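**Q** What follows is a single structure, and I will ask about it in a moment.
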Amino acid sequence: MMEKPKDWVFSDPRLQDLRQEYDQYTPEDFKVWKILFERQMPNLPKAASKAYLEGVEKVGFTANEIANFEELNQVLEKTTGWAVQVVPGLIDDDLFFGLLNNKRFPSSTWLRKMSQLDYLEEPDMFHDAFAHMPMLTNQPYVDFLEKLSGIALKHIEDPWAIQLLSRIYWFTIEFGLIREEGELKIYGAGILSSAGETKFSLSNEPAHYPYDVRRILNQEYWKDKFQDKYFVIESYEQLYESLPEIEKVLVEMLRSGK
Ligand SMILES: [Fe+2]
């Protein structure tokens, strides 16, 4: 079978040429960004991973300005060569992993309303930008994301394989913790965009397990409440170095029909 060229995603008809219409943001949008920013940012110097905090410095997010993707892309281009790709909302798995595999992070541009400050069905740009983008300045982290997506694309016809791999994505990119100088810190975007889960994830209530590929691949997760367990990495290099094991255990599980 011929392999598709890696950049097939850019000529896929489902990928629309969308951009962030910055002048369309309303005063309510700015207010929502500011409220969420001011509620969460003060928690982060103590709670977030150094990689995230350094990333925030680099991308220059502030309370008064909704993240500007054009400016953001200039920073990302210079640091890791990544960029933000505007998408209409949730997209198909092959498009999602196809973008990541080409160093494009899919993001929405809309913001939740004042009436939805605390609960959302779909991630808005406060999650996509505030929580995800600063991490895209960290090289081993983005290298992991790119290659993990490459594994997903190899198995894209198999929904079970994608479900298993989404567990890895979930317990790292979205809900991952890291140990830094002996202390637990957050790098998962699902936690970083939630003031409540920021506090909860670092408390003694949930279980904290060492990063373990086999365990994660066998671990279901849920989307509608806080996790009851988190997996802790020692470094971002550890994620990258675990890629061969991810592929190996995945193939093993698929073969055994587990
Ligand atoms: Fe996310």
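**Q** In the chain, carbon and sulfur make up what percent of the accessible area (probe 1.4 Å)?
**A** That share works out to 49 percent.
**Q** Further question: If you bin the C-alpha pair distances of the chain every 5 Å from 0, what whole percents do you get?
**A** 1, 6, 13, 17, 20, 18, 13, 7, 3, 1, 0
**Q** How would you rank 99-106, 83-90, 15-22, highest first, on the average number of other Cβ atoms within 10 Å across their residues?
**A** 99-106, 83-90, 15-22
**Q** Could you do me a favour and compute the accessible area per residue for the range 1-46, 1.4 Å probe, result in Å²?
**A** Here the residues of the range 1-46 average 78 Å² of exposed surface.
**Q** Sorted by average packing, counted as other Cβ atoms within 10 angstrom per residue and highest first, what order do 124-136, 234-246, 161-173 take?
**A** 124-136, 161-173, 234-246
**Q** What percent does the relative contact order of the chain come to when contacts are Cα pairs within less than 8 Å and at least six residues apart?
**A** 19 percent
**Q** Just need the relative contact order of the range 161-207 here, percent rounded to a whole number, with Cα pairs under 8 Å and 6+ apart.
**A** 24 percent
**Q** Compare Asp228, Asp23, Asp158 in a GNM of the chain, Cα atoms joined below 10 Å, and give the one with the largest fluctuation.
**A** Among Asp228, Asp23, Asp158, the largest mean-square fluctuation in the Gaussian network model of the chain belongs to Asp23.
**Q** Expected output is a single nm value to one decimal: the length gained when fully extending between Glu220 and Ala63, i.e. 0.36 nm times separation in residues minus the C-alpha distance. What is it?
**A** Net length gain for the segment: 53.0 nm.
**Q** Give me the percent relative contact order of the range 147-250, please, defined on Cα pairs under 8 angstrom at least 6 residues apart.
**A** Relative contact order for the range 147-250 comes out at 30 percent.
**Q** While we're on this one: Considering only protein heavy atoms, what per residue accessible area in square angstrom results for the range 77-202 with a 1.4 angstrom probe?
**A** That works out to 36 Å² per residue.
**Q** Specify the residue with the greatest mean-square fluctuation among Gln139, Gln74, Gln24, computed from a Gaussian network of the chain linking alpha-carbon atoms under 10 Å apart.
**A** The residue with the greatest mean-square fluctuation here is Gln24.
The values are calculated or read from the model by the stated rules, or taken from the named source; none is laboratory data. Here the structure is a predicted model, which is why all the values come from computation and not from measurement. Methodologically, a virtual Cβ is constructed for each residue, glycine included, from the backbone with ideal geometry; neighbour enumeration extends over all protein chains shown. These area figures cover heavy atoms from the full protein model, side chains too; ligands, DNA and RNA do not enter into them. Shrake-Rupley method; radii C 1.70, N 1.55, O 1.52, S 1.80 Å.
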